[in-house]
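Below is one structure, written out as structure tokens; comments come after it.
The values are calculated or read from the model by the stated rules, or taken from the named source; none is laboratory data. On a predicted model such as this, the values are computed, not experimentally measured, just so you know. Positions of Cβ are backbone-derived with ideal geometry, glycine not excepted, and every protein chain shown enters the neighbour counts.
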Ligand code: RFL
Ligand code: PHB
């Protein structure tokens, strides 16, 4: 098998990259280890930055998103009191879109299968070879048989647990783990608020999000080693109610819980994001804790940057943008790392935090909710940093 761009992984990064390349007339093959149903059901991100929305529309993948996605003009910060952050007012009109990662992936898969190049499910990449040559290869296994995909370029969009990163030698990693995770649930009940609520409480962080007007997505900070099944549905609702408590008549709607799982929290960056003709994109190169809602949006920024660079190479013969790929992406990545870390430490209770640190956390919240400059900084970061 031969192609111009071998793409490992059919998460949002790999799928969008295949679409962008297809639109630019560049052929690609996508290898995905899981089956289609699994990829389409994997419950993850929910918030698309303004720039991500624009990219999906521009790629011809925004039709259902524009019909079914929910435009959100703000979030609420809750810490005994309630404070709304008004995005358009603070950022010159920017907003975000609530449209689940599962739906983004479904839309991109449908387009790829209808119009694009090969998208091979249940095909596991085993290794990337010859990244520093003109003809890198992906060794893969499909239906029990090993084969090789010969490429001009390989893009590792295979997530944190993928194989591509290990083919970048002499890399440096920067990492931080957190002593807590998120217990996330999906519930068949209308969201209890029309915007996301980020709550800081002495008992721990809680987040109210949604998937549609009739499906709620909620998260609770829990110790990192928590077994989701050790939390009964009633205990989850009781705990959510306490952490979201207000002194007005707001109340939490309860409903049947259809899914629950625990996600660990990690900050991670691998530098550089390129070795020869192998490029890393999305979670394969970096992870952010989900508090800032940045993971998927970073993945989109990376593949847009790569597609632009390769299109430029094809049109002009110049490798300049490909050479700049890693540095261009990393600048935005580190801004998102910084913001996600700030949001995480702003809103979670750290085990062993001193009373002094608790007071500082409240002072940071007070600052954001009383200074337009501080609030603007949050609004700009949340709605997204420019790509490239
Ligand atoms: P993915 O989505 O992990 O996709 C990688 C794909 O590669 C496949 N793969 C392989 N295929 C072939 N051969 C191999 N050897 C392979 N190894 C792996 C995998 O099966 C998979 O299909 O990475 P990608 O595309 O970089 O996308 C990244 C995003 O998925 C991730 O950053 C976000 O989900 C993070 N995230 C959030 N991001 C946001 O922007 N906004 C949010 O609101 C948000 N909330 C979240 C999140 C992530 C969460 N979890 C579960 C980690 C909430 C949660 C709870
Ligand atoms: C989600 O809806 O899954 C979600 C929303 C905002 C976040 C993280 C996750 O910060």
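Name the residue, out of 92, 58, that is at positive phi and away from ligand 1 (no atom under 12 Å from the Cβ).
None of the others qualify; the one that does is 92.
Of all residues in the range 286-304, count the ones that are more than 15 Å from ligand 2 (Cβ to nearest atom) and more than 17 Å from residue 27 (Cα to Cα).
4
Select from the range 146-186 the residues that are over 30 Å from residue 352 (Cβ atoms), assigned to a strand (DSSP E or B) and within 15 Å of ligand 1 (Cβ to nearest atom) and list them in ascending order.
Result: 146, 147, 148, 149, 151, 154, 155, 156, 186.
Confirm whether residue 230 is within 14 Å of ligand 2 (Cβ to nearest atom) and either touching a residue at least 12 places away in the same chain (Cβ under 8 Å) or surrounded by fewer than 23 Cβ atoms within 10 Å (Cβ to Cβ) (or both). Walk me through it before giving the result.
Numbers: within 14 Å of ligand 2 (Cβ to nearest atom): no; either touching a residue at least 12 places away in the same chain (Cβ under 8 Å) or surrounded by fewer than 23 Cβ atoms within 10 Å (Cβ to Cβ) (or both): yes.
No.
Of 81, 67, which residue is out of contact with any helix residue (DSSP H, G or I) (no Cβ under 6 Å at 6 or more places or on another chain), modelled with pLDDT under 95, away from ligand 2 (no atom under 16 Å from the Cβ) and within 25 Å of residue 196 (Cα to Cα)?
Only one candidate passes the filter, namely 81.
Within the range 187-217, can you find the residues that are in a loop (DSSP other than H, G, I, E, B) and touching a helix residue (DSSP H, G or I) at 6+ places or on another chain (Cβ under 6 Å)?
Selection gives 200, 201, 203, 205.
Which condition number does residue 220 fail, the rest of (1) surrounded by 22 or more Cβ atoms within 10 Å (Cβ to Cβ); (2) in contact with a helix residue (DSSP H, G or I) (Cβ under 9 Å, 6 or more places away or on another chain); (3) in contact (Cβ under 8 Å) with a residue 60 or more places away in the chain being met?
With (1) surrounded by 22 or more Cβ atoms within 10 Å (Cβ to Cβ); (2) in contact with a helix residue (DSSP H, G or I) (Cβ under 9 Å, 6 or more places away or on another chain); (3) in contact (Cβ under 8 Å) with a residue 60 or more places away in the chain applied to residue 220, the lone miss is (3).
This table checks each residue for (1) free of Cβ contacts under 8 Å to residues at least 12 places away in the same chain; (2) in a strand (DSSP E or B); (3) in contact with a helix residue (DSSP H, G or I) (Cβ under 7 Å, 6 or more places away or on another chain); (4) under 30 Å from residue 160 (Cα atoms).
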position: 234; (1), (2), (3), (4): yes, no, no, no
position: 237; (1), (2), (3), (4): no, no, no, no
position: 250; (1), (2), (3), (4): no, no, no, no
position: 258; (1), (2), (3), (4): no, yes, no, yes
position: 267; (1), (2), (3), (4): no, yes, yes, yes
position: 279; (1), (2), (3), (4): no, yes, yes, yes
position: 291; (1), (2), (3), (4): no, no, yes, yes
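Which of the residues spanning the range 336-360 are in contact with a strand residue (DSSP E or B) (Cβ under 9 Å, 6 or more places away or on another chain) and modelled with pLDDT under 95?
350, 351, 352
Name the one entry in 119, 111, 77 that is crowded, with 17+ Cβ neighbours inside 10 Å and within 30 Å of residue 200 (Cβ to Cβ).
Unique residue meeting the criteria: 77.
Per-residue answers, yes or no, for (1) buried (at least 16 other Cβ atoms within 10 Å of the Cβ); (2) away from ligand 2 (no atom under 16 Å from the Cβ); (3) outside the structural domain of residue 114 (by TED's automatic domain parsing):
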site	(1), (2), (3)
17	yes, yes, no
20	yes, yes, no
34	yes, yes, no
42	no, no, no
47	yes, no, no
51	yes, yes, no
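Answer with yes or no whether residue 171 is modelled with pLDDT of 95 or more and either surrounded by fewer than 22 Cβ atoms within 10 Å (Cβ to Cβ) or in contact with a helix residue (DSSP H, G or I) (Cβ under 6 Å, 6 or more places away or on another chain) (or both). Reasoning before the result, please.
On the way: modelled with pLDDT of 95 or more: no; either surrounded by fewer than 22 Cβ atoms within 10 Å (Cβ to Cβ) or in contact with a helix residue (DSSP H, G or I) (Cβ under 6 Å, 6 or more places away or on another chain) (or both): yes.
Considered against the rule, which asks whether it is modelled with pLDDT of 95 or more and either surrounded by fewer than 22 Cβ atoms within 10 Å (Cβ to Cβ) or in contact with a helix residue (DSSP H, G or I) (Cβ under 6 Å, 6 or more places away or on another chain) (or both), residue 171 comes out as no.
Give me the residue from the range 193-215 that is more than 15 Å from residue 72 (Cα to Cα) and surrounded by 18 or more Cβ atoms within 10 Å (Cβ to Cβ) and, out of that set, nearest to ligand 1 (Cβ to nearest atom). Before the answer, list the steps.
In the first step, residues of the range 193-215 are kept if they are more than 15 Å from residue 72 (Cα to Cα); the result is 199-207, 214-215.
Adding the requirement that they be surrounded by 18 or more Cβ atoms within 10 Å (Cβ to Cβ) leaves 199-201, 204-207.
Working: 199: 16, 200: 18, 201: 19, 204: 16, 205: 13, 206: 14, 207: 9 Å.
Residue satisfying both the conditions and the ranking: 207.
Restricting attention to the range 332-388, and to residues there that are in contact (Cβ under 8 Å) with a residue 40 or more places away in the chain and on the phi > 0 side of the Ramachandran plot, which single residue is surrounded by the most Cβ atoms within 10 Å (Cβ to Cβ)?
384
Taking the options 309, 281, name whichever one is more than 12 Å from ligand 1 (Cβ to nearest atom), modelled with pLDDT of 95 or more and more than 30 Å from residue 77 (Cβ to Cβ).
After ruling out the rest, the residue left standing is 309.
Is the range 194-211 home to any residue that is at pLDDT below 95 and closer than 24 Å to residue 103 by Cα?
Yes, the range 194-211 contains a residue that is at pLDDT below 95 and closer than 24 Å to residue 103 by Cα.
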